[in-house]
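What follows is a short report on a single structure.
The values are calculated or read from the model by the stated rules, or taken from the named source; none is laboratory data. Because the structure is a prediction, the values reported are computed rather than measured. Here the Cβ is made from the backbone with ideal geometry for all residues, glycine too, and neighbour counts use every protein chain on show. For accessibility, only protein heavy atoms count, side chains too; no ligands or nucleic acids. Shrake-Rupley method; radii C 1.70, N 1.55, O 1.52, S 1.80 Å.
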Amino acid sequence: MGTHHHLWHRRMTARDRDEEHRTATPLELFFDLCFVVAVAQISSVLHHFLTEDRIGHAVPGYLAAFFALWWAWMGFTWFASAYDTDDVAYRIAALVTITGALILASGVRGAFDDGDYALVTAGYTVGRVALISLWLRAALGDPQGRGSSYRFATGLAVVQTLWLLWLLLPPGAQMPLFPVLALLDVSVPLIGERAHRTPWHPGHIAERYGLFTMIVLGESVAAASRAVQSSLDADQANVRLYVLAGGGLLTVFCMWWLYFARSAERILTSPRAGFVWGYGHYLVFASATAVGAGLAVNVDHVTHHGHLGPTAAAATLTVPVAVYLLTLWALQFRPHHARTLDSVRFPAAALLVLAGTFTRAPGLVTGLVTTALTAFGVIASHRAALREHADHRTDHSPDHSSETPVRE
């Protein structure tokens, strides 16, 4: 009986930043999987709009819809790292946030088609209301962080009110103001953290981002696989399709490998580093999702179903891969190799991928370039490990220089 009561309601106190073995919970894993349903919907709509050569609608619609989904995920994820209580009220708030994400996803096609963001904003509002309630709980349960919690709750409420007022504007006036409101939205944590640093856990945050990256990359594979399967079912497979499929697989495999080649936890050493790394993942997630749509667009092109020309179709794949490589380099590699030759391999690879846009097999070129980049990193890491091992042996070898020589 006591255990059930404890689960029903717990005081929302701050988590320990130095807590050992802090891992993602089953609720967080379920949360991510449900959010990826929304990611898949956005990717699918992007694919169809790009294939139909409606780039003018596709790009702004995608960036706006993905921002809403990403920021909803971000808000809950960072809060959970600091204040997860796993009681009934907290679980309900998480499920309400998931519901908001699914409502948001259902409005994506309307946003792309007609610039109608009513459902997207409605879903976003549902998630924001749940997050505001959690910050108010944190204010009551954690006196030390009360000022920060109230700042978060107030900031979220004010900005969300502005988003609802934004819906009342004429469609032509909405998109020019979107970046302004988005900037206000992402400023809320900056203001909140000034009062008191929230106790997010570096290892937990790194794992949560890594898990979401894996799931998004998996969705890209699934999107490409569905497109290939449709071509096979229609008996429209050809050599170019198989080459594209092979290059696409190499690309996504290498995107995964490169992401986990560097420990993110070691980067999250300060609030500033956390903000830069966390916010920068908008481009990581958005580009990884767009790769799946780009692969599907190129499948349509090689099977003569798309309306895009060869260069434009290739760019739907090469541009997001290049953005992914450059963002990953800036967030996780450049801080470690700011003044070494190793620091140029990611920008060089991104340029080669972009150059592949103008070849007859952009998918294969992209796959080979990312494979070479990954192989270079594996070899460099192996050599560094060997040097470290040799230095370690040298440091621990006995010093015979001061010993008396043995006389025969």
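Between the residues ALA80, ALA173, VAL120, the greatest Cα displacement towards the positive end of the dipole of the chain, with unit charges on the Cβ of Lys, Arg, Asp and Glu, is found for ALA173. Solvent-accessible surface of protein heavy atoms, probed at 1.4 angstrom with all chains present, puts THR23, THR316 in the order THR23, THR316, largest first.
Among GLY246, HIS47, LEU352, which residue has its Cα furthest toward the positive end of the charge dipole of the chain, with +1 on Lys/Arg Cβ and -1 on Asp/Glu Cβ? Toward the positive end, the furthest listed residue is LEU352. Take segment 30-103 with all the other protein chains still there, run a 1.4 Å probe, and you get 30 Å² of accessible area per residue. In terms of Cα atoms, the Rg and Dmax of the chain work out to 24.2, 100 Å.
Applying the Karplus relation 6.51 cos²θ - 1.76 cosθ + 1.60 with θ = phi - 60° to segment 224-235 yields 3J(HN,Hα) values of 5, 5, 4, 5, 5, 4, 4, 5, 5, 5, 8, 6 Hz, where x marks Gly and Pro. About the centre of its Cα atoms, segment 83-176 shows a dipole size close to 240 debye [charges on the beta carbon of Lys, Arg (+1) and Asp, Glu (-1) only; nearest 20 debye]. Here the Karplus curve 6.51 cos²θ - 1.76 cosθ + 1.60, taken at θ = phi - 60°, turns the phi angles of segment 137-149 into couplings of 4, 5, 5, 6, x, 10, x, 5, x, 4, x, 5, 5 Hz, with x standing for Gly and Pro.
Which percent of the accessible area of the chain is formed by carbon and sulfur heavy atoms (probe 1.4 angstrom)? Roughly 65 percent, rounded to a whole number. Compare LEU328, LEU351, LEU177 in a GNM of the chain, Cα atoms joined below 10 Å, and give the one with the largest fluctuation. In the Gaussian network model the winner is LEU177.
The trypsin sites (Lys or Arg not before Pro) of segment 269-350 that DSSP puts in a loop, and whose beta carbon has at most 12 other beta carbons within 10 Å, are ARG339. Among PRO189, PRO179, PRO60, which one moves the most in a GNM of the chain with springs linking Cα atoms closer than 10 Å? Checking each option, the largest mean-square fluctuation is seen for PRO179.
Summing Cβ point charges (Lys, Arg +1; Asp, Glu -1) relative to the Cα centre of the chain gives a dipole of roughly 620 debye. 3J(HN,Hα) couplings calculated from phi for segment 366-381 with the Karplus curve 6.51 cos²θ - 1.76 cosθ + 1.60 (θ = phi - 60°) are, in sequence order, 4, x, 5, 5, 5, 5, 4, 4, 5, 4, 4, x, 5, 5, 5, 5 Hz; Gly and Pro show x.
The ellipsoid equivalent to the alpha-carbon distribution of segment 35-137 has semi-axes of 29, 11, 10 angstrom, derived from the gyration tensor eigenvalues as √(5λ) and listed largest first.
For segment 16-109, the set of GluC sites (Glu not before Pro) satisfying both a DSSP loop assignment and a count of at most 16 other C-beta atoms within 10 Å is given as GLU19, GLU20, GLU52.
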